Amino acid sequence: MDSAATRSSSQTIQQFEQFVIPNYRRYPISLVRGEGSYVWDAEGKRYLDLFPGWGCNILGHCPPRVVKAIQDQVTRLIHIPNTWYTEAQGDFAEMLSTRGFGKAFFCNSGAEANEAAIKLARLHARDGRYKVISFENSFHGRTFATVTATAQPKYHEGLGPLLAGFRYAQHNDLESVEKLLDRETCAILIEPVQGEGGINIPSDGFLQGLRKLADENGCLLIFDEVQTCMGRTGTWFGYQQFGVQPDVMTLAKGVAGGVAAGAMLCKNEFAPDLRPGMHASTFGGNPLAMAAGIATIQTIEEDGLLANCQAMSDRFRAHLEKLKSELPIITELRIKGMMVGIELSIPSTPAVAKCMERGLLINATHDTVIRLLPALNVTPEQVDEACEILATVVREMAKEQ
Ligand SMILES: *Cc1c(COP(=O)(O)O)cnc(C)c1O
C-alpha cells in the first residue's frame, strides 16, 4: 500500500458503488498522490502521467509554487463574494489581460466560461440577433447551452429539446459557415485547436476567414480556449499561434494550475454588455483559485515553460514520425505544443489499458485518436520513456489486427 493511501483501490471502488452516481466510466484504480508528471495509486504503483488532470494540471501534479501560493492564501481569505474587491482577482485579471487582451469575468469551469460568452454575445446584439454557429466535432461543455453548442450527436441523446438558436458548420470549411450566417447570427464559436474532437488543427487561413466573416456580418468571434490556454500550444493562448484575435475567449482547465477555475476575457469595448445584474458566479474569482492562477503564470514564466513546451513538442513529433513510418495503422499525427493526437485506423481505446499496465497514463478520444496533454514541464527523459511505451503498445495493436 502507498503511504498516502488509507485503503485499497478495491475498497474505494466498493464505496463508490454504494454512494457515488455512476455517470463516469472509471479505471479500477484509486490515485492517492502525485508529483510533476508522476502519480501513484493506492497500491503504491507509479505511473508516468501524460494526461494529468485531463489537461487541467498544466504544470503536472502538485506544482510547488502553486501549492505554496494556495497555502499562503488559505490562511488569509478563502472566499469573498463579488460584492467586494480582492487584490488576487485584480492581479490575475491583469496578468491574463497583459498576456492576452481585454477584461476578465471569472467563474469555475469551462462550461461556465462558455455560458458567459454566449450570454455576452446575445446581450451585445441589441438588434435581436441570437444564433450561434459552432463546429462539428467541437466540445464546449455539458450545461444546456454549451452541450447544445457541442456539435456531436452522442452528447445530445435523450436531452432534448436543446437550447434554440445553434447551428453547426463543418470544421475547416468556410463555405459551410457562410451558408449558415444570417442577420440573426450573434456569434461564431470555435476552439482554436479542437481538443475532445481529436486534436484538430485549423487549416491555413481558416481562422482568418472566420475573423473576416464575423466582421463582415457583425457578429462576435469567440474562441473556446478552455483546453488551449496557459501555454498549452506553446504560446499563452492558442489564438497567438494563428495570428487571429477573437473578440472573446474562454479559459478553464489549466488556467489555475489544476484548481477549479474558469474565465472569459473580452475586448474592452464589449465588457459593458455584461452589465451588473445580468450574470454572476458565486465562487467565481475566489482568492484561492486566483492565487493558484497567479502562481501558475509565474511558474510558466520563471521556468521558461513556453520554450520547453515547444521543445518537447518537437521531441514527440520526432519519435512519433518514426513510429508512423513503421506502422501503417497510424494514419495521421496532429501535434500542437503539448497537444498530441495520434490518429489510428483502428479503435484507440485499447491503447489506454495497455499503456496503464506498463505504467503510462494516456487518453483515447473520438474513437480512433490517442490523445496526450502532457504537463508543460515534462522532461526529455519522460517524453522518451512515454514514446517507447507507446511504440510497444501500438506495435502490439498492429500485430493483433
Ligand atoms: C473541457 C472543455 C470544456 C468544458 O470544461 P468544463 O470545465 O468541464 O466545463 C469546454 N471547452 C473545451 C474546449 C474543453 O476542452
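Applying the condition of being farther than 26 Å from Gly55 by Cα and surrounded by fewer than 23 Cβ atoms within 10 Å (Cβ to Cβ) to segment 183-207 and asking which residue is farthest from the ligand (Cβ to nearest atom) yields Arg183. From the list Val20, Val32, the lone residue that is at pLDDT 95 or above and surrounded by 20 or more Cβ atoms within 10 Å (Cβ to Cβ) is Val32. What pairs come out if I take residues in segment 136-148 that are in contact (Cβ under 8 Å) with a residue 60 or more places away in the chain and under 15 Å from Arg167 (Cβ atoms) and pair them with residues that are assigned to a helix (DSSP H, G or I) and more than 10 Å from the ligand (Cβ to nearest atom) whose C-beta lies under 7 Å away, six or more apart or interchain? Between residues of segment 136-148 that are in contact (Cβ under 8 Å) with a residue 60 or more places away in the chain and under 15 Å from Arg167 (Cβ atoms) and residues that are assigned to a helix (DSSP H, G or I) and more than 10 Å from the ligand (Cβ to nearest atom), there is no close pair. Of the candidates Ile342, Ile346, Ile329, the single residue that is surrounded by 23 or more Cβ atoms within 10 Å (Cβ to Cβ) and over 18 Å from His61 (Cα atoms) is Ile342.
Based on what the data block shows, is Ile58 touching a strand residue (DSSP E or B) at 6+ places or on another chain (Cβ under 9 Å), within 16 Å of the ligand (Cβ to nearest atom) and at pLDDT 95 or above? So that I can check it myself, show each step before the final result.
On the way: touching a strand residue (DSSP E or B) at 6+ places or on another chain (Cβ under 9 Å): no; within 16 Å of the ligand (Cβ to nearest atom): yes; at pLDDT 95 or above: yes.
Against the criterion (touching a strand residue (DSSP E or B) at 6+ places or on another chain (Cβ under 9 Å), within 16 Å of the ligand (Cβ to nearest atom) and at pLDDT 95 or above), Ile58 does not qualify.
Residue-by-condition table, conditions (1) under 26 Å from Asn200 (Cβ atoms); (2) free of Cβ contacts under 8 Å to residues at least 24 places away in the same chain; (3) assigned by TED's automatic domain parsing to the domain that holds Thr250; (4) touching an Asp or Glu at 6+ places or on another chain (Cβ under 7 Å):
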position: Arg25; (1), (2), (3), (4): yes, yes, no, no
position: Leu31; (1), (2), (3), (4): no, yes, no, yes
position: Arg46; (1), (2), (3), (4): no, no, no, no
position: Asp49; (1), (2), (3), (4): yes, no, no, no
position: Asn82; (1), (2), (3), (4): no, no, yes, no
position: Glu94; (1), (2), (3), (4): no, yes, yes, no
position: Phe105; (1), (2), (3), (4): no, no, yes, no
position: Ala125; (1), (2), (3), (4): no, no, yes, no
position: Val132; (1), (2), (3), (4): yes, no, yes, no
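Scanning segment 27-55 for residues that are more than 16 Å from the ligand (Cβ to nearest atom) and farther than 15 Å from Met356 by Cα returns Val32, Arg33, Gly34, Glu35, Gly36.
Restricted to segment 113-147, and to residues there that are assigned to a helix (DSSP H, G or I) and surrounded by fewer than 23 Cβ atoms within 10 Å (Cβ to Cβ), the residue that is nearest to the ligand (Cβ to nearest atom) is Val147.
The values are calculated or read from the model by the stated rules, or taken from the named source; none is laboratory data. A quick note: this is a predicted structure, and the numbers were derived from the prediction, not measured. We place every Cβ from the backbone using ideal geometry, glycine too, and count neighbours over all the protein chains shown.
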